[in-house]
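Colleague: Below: one structure in structure tokens.
Read-outs throughout are calculated quantities, based only on the coordinates presented, and are distinct from any laboratory measurement. Keep in mind that what you see is a predicted model, and the values were worked out from it rather than measured. Glycine also receives a Cβ, built like all others from the backbone with ideal geometry; neighbour counts cover every protein chain displayed.
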Amino acid sequence: MPLSSVYAFVGFGLHLGQNQLAISDFSKSMATTSFTRGGFDNTFAVGGYFYIDAIPFIDLDVEFQASAKDYKLAFSESVSGQGIDSDFGWASATTYLTARKKLIGLGIPLLANAKLHYGVGYNKHVITPMADLDMVEGLLTSASGSLEDGLKKYLEDNTKDVSGFHLQAGLKAKLLMGEVDFIYRYVMAKDLVPDSKGFSSLNLRLGLTF
């Protein structure tokens, strides 16, 4: 039995997650304009992770994930006759940096082990903005081509950076060189989700350790 299967110093693998966030529907009508934006919830994320377990007392963990979701957008302006009725998308690319520590360990010598762990860390998100009425009206006065195409380009070109902190707890099980890790995480990041200062997520990891 190789020692690396018992005493792992590094690990890496696939990450799958569900972000339990919610963005509400929004509608506004005025004398000459009408705007309706659909909402969405529970975005799915996919990515990868890498950690180092060679430092006393803590593990250092890096995770990358991407997620996306469609939403409906309808806009009409009676004076110009221009409008939009189409699907648009929200997308994010996220990095989590976490310091983790074992809480309780259980194991079968030289074969398998499991542990409860907890951690705290820093997160950084690159996200596309949600379309809003001011954004569309601004494009209506400045765009030379299609309003819909102009809005799509604006959303792509105006991604924003958001950072925050997170707390997490999980259960990791390891058999020989393979591991499965279930993690609950609460993310605190202002301006990431409209009208909310945070959200929770459920995460599953499948990986190898050495």
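Colleague: For every other residue with a beta carbon closer than 10 angstrom to the beta carbon of T36, add +1 if it is Lys or Arg and -1 if Asp or Glu, then tell me the sum. Mind dumping the intermediate values first?
Modeller: Details: positive: K28, R37, K72; negative: D25, D85.
Local charge sum for T36: +1.
Colleague: How high is the relative contact order of the chain? Use alpha-carbon pairs under 8 Å, at least six apart in sequence, and give a whole percent. Intermediate values should be presented prior to the final figure.
Modeller: On the way: 522 pairs, mean separation 46.2, N = 210.
Reported as a whole number, the value is 22 percent.
Colleague: Which stretch or stretches of the range 141-177 have amide N atoms under 19 Å from the point lying 7 Å from K124's Cα along the Cα→Cβ direction?
Modeller: It comes to 158-167, nothing else.
Colleague: Which of E63, E179, E156 has the fewest other C-beta atoms within 10 Å, and how do the rest follow up to the most? Spell out each step's value before the answer.
Modeller: Working: E63 23, E179 19, E156 11.
Ascending Cβ contact count within 10 Å gives the list E156, E179, E63.
Colleague: Holding the Cα-Cα limit at 19 Å, pick out from K124/K160; K101/K190; K124/K197; K160/K190 the pairs that are longer than that. Write out the running numbers ahead of the final one.
Modeller: Details: K124/K160 11 Å; K101/K190 26 Å; K124/K197 14 Å; K160/K190 12 Å.
Listed pairs above 19 Å: K101/K190.
Colleague: Moving to a separate point now. What is the local net charge at I55, summed over the other residues whose Cβ is closer than 13 Å to its Cβ (Lys, Arg +1; Asp, Glu -1)?
Modeller: On the way: positive: R100, K101, K102; negative: D53, D59, D61.
Here the count lands on 0.
Colleague: Would you work out which of Y154, N203, M177 lies farthest towards the positive end of the dipole of the chain, given +1 charges on the beta-carbon of Lys and Arg and -1 on that of Asp and Glu, about the Cα centre?
Modeller: Final value for the positive-end residue is M177.
Colleague: I've got another one for you. Excluding E156 itself, what net charge comes from residues whose Cβ is under 14 Å from its Cβ, given Lys and Arg +1 and Asp and Glu -1?
Modeller: On the way: positive: K152, K153, K160; negative: E148, D149, D157.
Every neighbour counted, the sum reads 0.
Colleague: If a paramagnetic tag sat 7 Å from the Cα of L14 along the Cα-Cβ line, which residues of the range 188-210 would have the backbone N under 13 Å from that point?
Modeller: 204-208
Colleague: Angle check, please: helix 133-142 long axis (alpha carbons) against the longest principal axis of the chain (alpha carbons), in degrees 0 to 90, nearest 10.
Modeller: 60 degrees
Colleague: Order these by the 10 Å Cβ neighbour count, fewest first: M130, M177.
Modeller: On the way: M130 17, M177 14.
Exposure proxy ranking, most exposed first: M177, M130.
Colleague: Can you give the relative contact order of the range 28-81 as a percent, counting alpha carbon pairs under 8 Å and 6+ residues apart?
Modeller: Numbers: 69 pairs, mean separation 25.0, N = 54.
This gives 46 percent for the range 28-81.
Colleague: If you take log10 I(q)/I(0) by the Debye sum over Cα atoms at q = 0.09, 0.10, 0.16 Å⁻¹ from the coordinates, which of (i) -0.39, -0.48, -1.10; (ii) -0.34, -0.42, -1.10; (iii) -0.47, -0.54, -0.99 do you get?
Modeller: Read-out taken from this structure: (iii).
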